[in-house]
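**Q** Input: one structure, supplied below.
The values are calculated or read from the model by the stated rules, or taken from the named source; none is laboratory data. Quantities reported herein were computed from a predicted structural model and do not represent experimental measurements. All Cβ positions, glycine included, derive from the backbone under ideal geometry; neighbour counts span all protein chains shown.
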C-alpha cells in the first residue's frame, strides 16, 4: 500500500536533522517529524495502559520529553517515559475516542520542537517539512503504489489561543527518477535514455545517488543536466574518486529537487508562485491540495519516492508571553489504486 510519511528538511541531502527548528527548507532529511512505532497490544475505548513496540531504530531517544501520542487520530496525553510501557494521563485529549488494535501505528507528537520563541516583526515564524511516498515492494517493485489526490490539512491547530498555524504547499521542480548509467566519470553521469526526455537543467540542484557497484550509496548534488546528451554534471570539488573503475556502469537514482530554503526561520518563503500555494488554514472539511498548473508531473499524485513540501507559518498575537501548548497535528488524505 502507498505509505506517506512526514520528514524534516535540511541544508544538505541524505542527512539526519537533529535540530527541528532548523527545518527551514532544502532537501528531505532522514528524520521523521513524528517518530513512529506500533502498539504491541489492543486497547479499548477507555483503557489507559498502553504497550508500544520498540522503534525500528531500537532506541527511544527521539521520544524523550514527548507529552502526546497520536493513534488513529486520537490524541493521548502521556507522562514522560523511558520505554514502551505507558499509563496515559488523559485519553481523547482532542475529544476523539477510538479502539486501537495490536500493530496500529503510534506517532509521537513532537511538532513543538519545530517552534521556538524567535519571531519577525510581524510575530511570525516559518518551517518546512516534506511529505514522501515511502511505498516499497522489494519482491515486485511494479506493485509499489501511487498516492492519488493528495490532500493536506491541520487535524489539530495550536491549543494556545493566541497562536495560529497556517500551511502552504510547494511542489518540487523535478520528480524522482532512477536508471542505469551508460557511462560516467569523476564529474558526470550519462544516461542515453534521457536524451531529450527532460528540459535543459531540469534536475539542477537535485541529488543523484549511486545505487549499485563499489560506489553504492555515494551521491552528488547536480550542477546541470544536458538534455541533448542525457548528462548529469556535478560541482567542482564534489567529484567521484578517479581511482574507480568507470567501465562499470552502475544504477542510480535522482531524488526530487529541494524546496526553496530561507536563511532563517523568521523569513517567509516565496508563496503564491507557480510552485507554492498561498498560506491557508485548512481543516478536514476544507483541505489544501496543489492544483495542477501545467507542471511536468502531477504533484497531486505522489509516486514512490516522490515528495511534496509543506511550509508552516506560525503567528502569535502581540504581547503573547505564553509559548506552551503549541503542538499541532498535520494530517494527510489520499487514495490508492485497487
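**Q** Check residue 266 against each of (1) surrounded by fewer than 18 Cβ atoms within 10 Å (Cβ to Cβ); (2) farther than 24 Å from residue 148 by Cα; (3) at pLDDT below 90 and name the one condition it does not meet.
**A** Here residue 266 meets the rest and fails (3).
**Q** Give all pairs with beta carbons closer than 7 Å in which a residue from the range 65-76 that is under 9 Å from residue 94 (Cβ atoms) and outside the structural domain of residue 99 (by TED's automatic domain parsing) meets a residue that is at pLDDT below 80 and assigned to a loop (DSSP other than H, G, I, E, B); count only pairs at least 6 apart in sequence or on separate chains.
**A** Within 7 Å, no pair qualifies.
**Q** Out of the residues in the range 40-83 meeting the condition of being surrounded by 18 or more Cβ atoms within 10 Å (Cβ to Cβ), over 25 Å from residue 284 (Cβ atoms) and at pLDDT below 90, tell me which one is farthest from the chain's Cα centre (by Cα).
**A** Top of the filtered list is 60.
**Q** So which strands (runs of 3 or more DSSP E) stay within the range 212-313 end to end and still have 1 or more residues that are under 29 Å from residue 33 (Cβ atoms) and either more than 20 Å from the chain's Cα centre (by Cα) or outside the structural domain of residue 123 (by TED's automatic domain parsing) (or both)? Quick ask: steps written out before the conclusion?
**A** Values: elements: 219-226, 231-234, 251-254.
Correct list: 219-226, 251-254.
**Q** Would you say residue 103 is touching a residue at least 24 places away in the same chain (Cβ under 8 Å) and surrounded by fewer than 13 Cβ atoms within 10 Å (Cβ to Cβ)? Walk me through it before giving the result.
**A** On the way: touching a residue at least 24 places away in the same chain (Cβ under 8 Å): yes; surrounded by fewer than 13 Cβ atoms within 10 Å (Cβ to Cβ): yes.
The answer is yes for residue 103.
**Q** When residues of the range 30-59 are filtered for being within 30 Å of residue 256 (Cα to Cα), out of contact with any helix residue (DSSP H, G or I) (no Cβ under 9 Å at 6 or more places or on another chain) and either touching a residue at least 24 places away in the same chain (Cβ under 8 Å) or not in a strand (DSSP E or B) (or both), how many remain? Please lay out each step first, then the result.
**A** Of the residues in the range 30-59, the ones within 30 Å of residue 256 (Cα to Cα) are 30-38, 55-59.
Going one step further and asking which of them are out of contact with any helix residue (DSSP H, G or I) (no Cβ under 9 Å at 6 or more places or on another chain), we end up with 30, 36, 38, 56-59.
Retained after the next criterion (residues that are either touching a residue at least 24 places away in the same chain (Cβ under 8 Å) or not in a strand (DSSP E or B) (or both)): 36, 38, 56-59.
The total comes to 6.
**Q** Here's another thing I want to ask about it. What about residue 18, is it surrounded by fewer than 13 Cβ atoms within 10 Å (Cβ to Cβ), part of a loop (DSSP other than H, G, I, E, B) and modelled with pLDDT of 80 or more? Outline the logic, then answer.
**A** Values: surrounded by fewer than 13 Cβ atoms within 10 Å (Cβ to Cβ): yes; part of a loop (DSSP other than H, G, I, E, B): yes; modelled with pLDDT of 80 or more: yes.
Yes: the conditions hold for residue 18.
**Q** Next question. Which condition number in (1) surrounded by 14 or more Cβ atoms within 10 Å (Cβ to Cβ); (2) in contact (Cβ under 8 Å) with a residue 60 or more places away in the chain; (3) more than 22 Å from residue 23 (Cα to Cα) is the one that residue 240 fails?
**A** Against the list (1) surrounded by 14 or more Cβ atoms within 10 Å (Cβ to Cβ); (2) in contact (Cβ under 8 Å) with a residue 60 or more places away in the chain; (3) more than 22 Å from residue 23 (Cα to Cα), residue 240 comes up short only on (2).
**Q** Please state which one of 208, 169 is within 20 Å of residue 28 (Cβ to Cβ), in a strand (DSSP E or B) and free of Cβ contacts under 8 Å to residues at least 60 places away in the same chain.
**A** Details: 169 fails: free of Cβ contacts under 8 Å to residues at least 60 places away in the same chain.
None of the other options fit; the residue is 208.
**Q** Over 26 Å from the mean Cα position of the chain (by Cα) and not in a loop (DSSP other than H, G, I, E, B): does that describe residue 86?
**A** Details: over 26 Å from the mean Cα position of the chain (by Cα): yes; not in a loop (DSSP other than H, G, I, E, B): yes.
For residue 86, the condition - over 26 Å from the mean Cα position of the chain (by Cα) and not in a loop (DSSP other than H, G, I, E, B) - is met.
**Q** Taking residue 129 as the residue in question, decide whether it is within 30 Å of residue 308 (Cβ to Cβ), in contact with a strand residue (DSSP E or B) (Cβ under 6 Å, 6 or more places away or on another chain) and surrounded by 19 or more Cβ atoms within 10 Å (Cβ to Cβ).
**A** Working: within 30 Å of residue 308 (Cβ to Cβ): yes; in contact with a strand residue (DSSP E or B) (Cβ under 6 Å, 6 or more places away or on another chain): yes; surrounded by 19 or more Cβ atoms within 10 Å (Cβ to Cβ): yes.
Yes.
**Q** Do any residues in the range 254-266 that are over 19 Å from residue 14 (Cβ atoms) have Cβ atoms under 6 Å from those of residues that are surrounded by fewer than 18 Cβ atoms within 10 Å (Cβ to Cβ), where the two are at least six apart or on different chains, and which pairs are they?
**A** If the second residue must be surrounded by fewer than 18 Cβ atoms within 10 Å (Cβ to Cβ), the pairs left are 266/120.
**Q** Residues being farther than 25 Å from residue 77 by Cα, crowded, with 21+ Cβ neighbours inside 10 Å and at pLDDT 90 or above: count how many of those fall in the range 280-326.
**A** So the answer is 6.
**Q** Name every residue in the range 102-118 that is touching a strand residue (DSSP E or B) at 6+ places or on another chain (Cβ under 7 Å) and part of a loop (DSSP other than H, G, I, E, B), in order of residue number.
**A** Matches in the range 102-118: 102, 103, 104, 109, 115, 118.
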